[in-house]
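The block underneath contains the structure these notes are about, expressed in structure tokens.
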């Protein structure tokens, strides 16, 4: 899929999801903070460790039905890393890098309420999202790698470095806790993300959030 096609697909999935929302109940608006882990913790073999990359985001969830919520969220990830034996095909390089990701997510969530001392709810769901990735690499050939200087190295890392837009599907599970006498909802959520591109590892995320609830 070309970069232009990915951008059109990303815009289409967000627009389609928003257009299909028909509110019937409460709306929640809030923030989230947590960690995202790249599968294998690296963008490329020998790459810097990207375990527990900080995640921060905002979300709006609309109650479409009593048991169904539609969430639209934006998240940002950013992490600096080092690598001493990065592998780009047959090329070995060392240097530093920066991984940035701005994600827009649309998720449908089906909940099961549990009435104990506090109003609880467990839920699961799935959705689609678009990732606007920016990977910056400052790399030099490892001595003895047999690589000609800068031009060959630039060609070797082009599948990893640079800006691109990717589409993914994801699945979530979570727990919500309502606060008595306050229009606030606490939640914790875990998510698996399958990015539909062979050069970008899948993601796993876990985060906590706080929503302000409007009836």
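Side notes on the structure shown:
- Checked against the criteria, residue 176 does not count as more than 17 Å from residue 207 (Cβ to Cβ) and modelled with pLDDT of 90 or more.
- Filtered residue count, the stretch 82-119, keeping only those that are at negative phi and outside any strand (DSSP E or B): 4
- Sole residue being in a strand (DSSP E or B) and either at pLDDT below 90 or touching a strand residue (DSSP E or B) at 6+ places or on another chain (Cβ under 9 Å) (or both), chosen from 155, 163: 163
- Qualifying residue in the stretch 171-180 (condition: under 20 Å from the mean Cα position of the chain (by Cα), assigned to a strand (DSSP E or B) and either crowded, with 17+ Cβ neighbours inside 10 Å or without any contact (Cβ under 8 Å) to a residue 40 or more places away in the chain (or both)): yes
- Boolean, residue 46 is outside any strand (DSSP E or B), surrounded by 14 or more Cβ atoms within 10 Å (Cβ to Cβ) and on the phi > 0 side of the Ramachandran plot: yes
Residues checked against (1) surrounded by fewer than 20 Cβ atoms within 10 Å (Cβ to Cβ); (2) within 24 Å of the chain's Cα centre (by Cα); (3) free of Cβ contacts under 8 Å to residues at least 12 places away in the same chain:
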| site | (1), (2), (3) |
| --- | --- |
| 54 | yes, yes, no |
| 65 | yes, no, no |
| 83 | no, yes, no |
| 87 | yes, no, no |
| 94 | yes, no, no |
| 98 | yes, yes, no |
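- Counting the residues of the stretch 67-81 that are under 16 Å from residue 37 (Cβ atoms) and crowded, with 21+ Cβ neighbours inside 10 Å gives 2.
- Residue 138, sole failed condition from (1) more than 17 Å from residue 47 (Cβ to Cβ); (2) modelled with pLDDT of 85 or more: (1)
The values are calculated or read from the model by the stated rules, or taken from the named source; none is laboratory data. Bear in mind the structure is a predicted one, so any value in this text is a computation, not a measurement. We place every Cβ from the backbone using ideal geometry, glycine too, and count neighbours over all the protein chains shown.
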